[in-house]
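Report on the structure given below.
FYI, it's all coordinate maths here, none of it is from the lab. Nothing here was measured: the structure is a model prediction, and the numbers come from that model. No Cβ is skipped: glycine too gets one built from the backbone with ideal geometry, and neighbour counts run over all protein chains shown.
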Amino acid sequence: MSRAGPRLLILLGLLLLAIWLSLSAGTVWLTPGAVLDHLIAHDSKDFDVWNHRLPRGLIAIVTGAAFGLAGAIVQGVIRNPLASPEILGVTQGAGLALTLAIIGLPQLPVVWLPLVACLGGAAGALLLALYNSGVQFSGVRFALSGVAIAVTLSSITEFLILSNPLDINTALLALTGSLWSRNWHHVLLMLPFVLLIPAGLLLAKPLNLIGLGDEAAQTLGTGLVRVRWLAMTCAVLLTSLGVGIIGPVGFVGLVAPHMARRLVGGHHQYLLPASMLVGALLLVLADTLGRTLIAPSEIPAGILTAVIGAPYFLWLLARFKG
């Protein structure tokens with residue numbers, strides 16, 4: 001516990017270094033001094049720093065933090081270390097809604113995409129809630145049924161994409177988790193996170209009580225049904241808004257809480273902010289690598305997080321089964 005505070009500061013320092021690296025890296029590399037000059041000058045004609053790299057970096061920080069926080073909340077509610085929004089149908093529901101909007105309403109303004117994604121994520125979560133209604137809550141049942149719903153929604157999305165070949169490029173780009181072409185207009189779409197992230201952090205105490213078990217939590221005055229609904233609603237909105245802005249980014253919501261737990265322990269007062277910092281760090285680094293490895297072409301950040309997250313998930317699964 002005494003080490004959690006300094007380790008949070010270390011994570012914050014690493015995130016600041018990562019965002020500075022993202023401002024320096026690109027097709028044209030800039031020295032730290034050049035980056036500082038651009039930031040001080042605030043030249044509106046400077047596309048590289050002010051109109052390209054800085055908004056992408058800010059979007060990566062906030063959405064990565066949202067994915068990490070949502071993952072930690074879901075794992076705390078379900079009490080299952082292998083749970084995350086990606087395997088509970090939330091991300092896939094948001095992705096399906098985006099696909100429907102891209103194919104059916106191609107002229108829809110980008111400002112509406114986060115709302116569309118929220119509706120899809122909420123629909124995926126509602127399917128999961130309906131399936132598990134009327135039975136005693138079980139984290140294992142909840143997670144497994146979530147996986148089934150997620151696979152079903154992903155299959156529908158793939159069918160729609162293949163059935164509409166003229167729209168396949170736009171749909172695939174939206175579903176790979178890419179920060180390509182993201183700008184200050186997309187930064188403004190993140191305003192709801194100003195309310196959602198503090199709301200998620202306020203769940204730390206009830207999540208700690210839920211971790212003690214249902215009976216203990218109820219004895220200590222926790223309304224389990226209310227807390228679970230509030231927590232899952234917050235996680236759904238955090239995830240869906242992130243998907244609406246940059247598309248689905250796999251494994252951040254799963255991996256970030258685990259990395260954070262190894263650093264600061266399981267108390268949610270530290271785990272939640274640590275998960276946010278790790279999620280932001282992962283996405284900033286993935287985006288920076290994605291636009292520098294094969295520059296001037298780009299690798300979507302979602303592909304890189306999957307490449308990192310899939311082996312890590314298999315390792316977690318092996319430990320969990322052991």
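Worth a mention:
- A Förster radius of 25 Å, combined with the Cβ-Cβ distance separating residue 187 from residue 20, puts the computed FRET efficiency at roughly 0.85.
- By the count of neighbouring beta-carbon atoms within 10 Å, fewest first, 228, 319 end up ordered 319, 228.
- Remark: region 200-210, residue by residue, has Karplus-estimated 3J(HN,Hα) of x, 5, 5, 7, 4, 5, x, 5, 4, 5, 4 Hz, where x stands for each Gly or Pro and the curve is 6.51 cos²θ - 1.76 cosθ + 1.60 at θ = phi - 60°.
- Cα centroids of region 3-71 and region 255-322: 17 Å apart.
- Most mobile of 178, 84, 145 in a GNM of the chain (Cα contacts under 10 Å): 145
- Annotation for residue 39 and residue 215: the two label points, set 7 Å from Cα along the Cα-Cβ direction, are 5.4 nm apart.
- Dividing the mean sequence gap of close Cα pairs (under 8 Å, 6+ apart) by how many residues the chain holds gives a relative contact order of 31 percent.
- Förster radius 22 Å - calculated FRET efficiency between residue 229 and residue 148, Cβ distance, rounded to 0.05: 0.50
- Think of it as helices only: each DSSP H run of n ≥ 4 in the chain is worth -39500 (n - 2.57), and spread over all residues that comes to -23500 deg cm²/dmol at 222 nm.
- Based on Cα contacts under 8 Å between residues 6+ apart, region 46-146 shows a relative contact order of 28 percent.
- Compared with the direct C-alpha span, the chain from residue 169 to residue 129 gains 11.1 nm at full extension, assuming 0.36 nm per residue.
- The chain shape via C-alpha gyration tensor axes, a/c threshold 1.5: oblate
- Check: the chain dipole with +1 on Lys, Arg Cβ and -1 on Asp, Glu Cβ, in debye: 860 debye
- Listed values for region 107-120 are Karplus-derived 3J(HN,Hα) couplings in whole Hz (6.51 cos²θ - 1.76 cosθ + 1.60, θ = phi - 60°), namely 8, 5, x, 4, 5, 8, 5, x, 5, 4, 5, 4, 5, x, and x replaces Gly and Pro.
- Residues 251, 193, 67 arranged by fewest to most Cβ contacts within 10 Å: 193, 251, 67
- In range of the label at residue 27: residues from region 283-305 whose backbone nitrogen is under 11 Å from the point 7 Å along Cα→Cβ: 295-298
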